[in-house]
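For reference, the structure is listed below as structure tokens.
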């Protein structure tokens, strides 16, 4: 049986500010926003990812302190280009750290406005071997 991780609930204090940060600065796609008398939630997905973040007022989100998620991880084929892109969009990012010569040993980090932290890892092989093949992305909702 396959088990896929498709959503991570992210605790935040301001849904509009969070959407603006992840969509406009980090570059995630806003998949949907649902607002009604029961909830106000938004789902955002990194380009090429099969897993999304959900922010808003779901019961599980109200149980967590905004900014309490630490070390969520994104993977890119070129960490220098990814860091430069974030910096150009106004996202504060740490310096790049290299732990070795092998693929997968290069990292930097950033935080969202609430303080949830992200690690960005370079795996150069993702450039030629993405987890979701480019031709399949439209079928799975990823762009």
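Applying the selection to the range 1-19, what residues are more than 19 Å from residue 70 (Cβ to Cβ) and more than 13 Å from the chain's Cα centre (by Cα)?
Taking the range 1-19 as the starting set, the residues that turn out to be more than 19 Å from residue 70 (Cβ to Cβ) are 1-4, 6, 14-17, 19.
Scanning the range 1-19 gives 1, 2, 3, 4, 14, 15, 16, 17.
I'd like the residue in the range 58-80 that is touching a strand residue (DSSP E or B) at 6+ places or on another chain (Cβ under 9 Å), surrounded by fewer than 14 Cβ atoms within 10 Å (Cβ to Cβ) and at pLDDT below 95 and, out of all such residues, is nearest to residue 23 (Cα to Cα).
71
What's the number of the condition residue 83 fails, among (1) buried (at least 18 other Cβ atoms within 10 Å of the Cβ); (2) in contact with a strand residue (DSSP E or B) (Cβ under 6 Å, 6 or more places away or on another chain); (3) under 30 Å from residue 35 (Cα atoms); (4) at pLDDT 95 or above?
(3)
Sort out which residues of the range 86-109 are free of Cβ contacts under 8 Å to residues at least 60 places away in the same chain and either surrounded by 12 or more Cβ atoms within 10 Å (Cβ to Cβ) or touching a helix residue (DSSP H, G or I) at 6+ places or on another chain (Cβ under 7 Å) (or both), and write them in order of number. If you could, list the steps in order and put the result at the bottom.
Restricting attention to the range 86-109, the residues satisfying the condition of being free of Cβ contacts under 8 Å to residues at least 60 places away in the same chain are 87-88, 92-109.
Of everything in the range 86-109, those that are free of Cβ contacts under 8 Å to residues at least 60 places away in the same chain and either surrounded by 12 or more Cβ atoms within 10 Å (Cβ to Cβ) or touching a helix residue (DSSP H, G or I) at 6+ places or on another chain (Cβ under 7 Å) (or both) turn out to be 87, 93, 94, 96, 97, 103, 104, 105, 106, 107, 108, 109.
Answer yes if at least one residue in the range 34-41 is modelled with pLDDT of 95 or more and within 13 Å of the chain's Cα centre (by Cα), and no otherwise.
No, the range 34-41 contains no residue that is modelled with pLDDT of 95 or more and within 13 Å of the chain's Cα centre (by Cα).
Considering only the range 17-48, how many residues are without any contact (Cβ under 8 Å) to a residue 40 or more places away in the chain and in contact with a strand residue (DSSP E or B) (Cβ under 9 Å, 6 or more places away or on another chain)? Don't jump to the end; show me each part of the working.
Applying the first criterion (without any contact (Cβ under 8 Å) to a residue 40 or more places away in the chain) to the range 17-48 yields 19-20, 23, 28, 30, 32-44, 46.
This time we only want the ones that are in contact with a strand residue (DSSP E or B) (Cβ under 9 Å, 6 or more places away or on another chain), so: 19, 23, 28, 30, 32-35, 39-44, 46.
Residues meeting the conditions: 15.
Suppose we filter the range 1-16 for residues that are under 22 Å from residue 120 (Cα atoms) and in contact with a strand residue (DSSP E or B) (Cβ under 9 Å, 6 or more places away or on another chain); how many remain?
Step one: of the range 1-16, the residues under 22 Å from residue 120 (Cα atoms) are 4-12.
With the extra rule that they be in contact with a strand residue (DSSP E or B) (Cβ under 9 Å, 6 or more places away or on another chain), the set shrinks to 6-12.
Counting residues in the range 1-16 that are under 22 Å from residue 120 (Cα atoms) and in contact with a strand residue (DSSP E or B) (Cβ under 9 Å, 6 or more places away or on another chain) gives 7.
Go through the range 111-132 and count every residue that is closer than 22 Å to residue 5 by Cα and at pLDDT 90 or above. Steps first, please.
Taking the range 111-132 first, the residues closer than 22 Å to residue 5 by Cα are 111-112, 116-123, 125-127, 129-132.
So of that shortlist, the ones also at pLDDT 90 or above come out as 111-112, 116-123.
Of the residues in the range 111-132, 10 are closer than 22 Å to residue 5 by Cα and at pLDDT 90 or above.
The values are calculated or read from the model by the stated rules, or taken from the named source; none is laboratory data. Just so we're clear, the structure is a prediction, and the values are computed from it rather than from any experiment. As a convention, Cβ positions derive from the backbone with ideal geometry for all residues, glycine included, and neighbour counts pool all protein chains shown.
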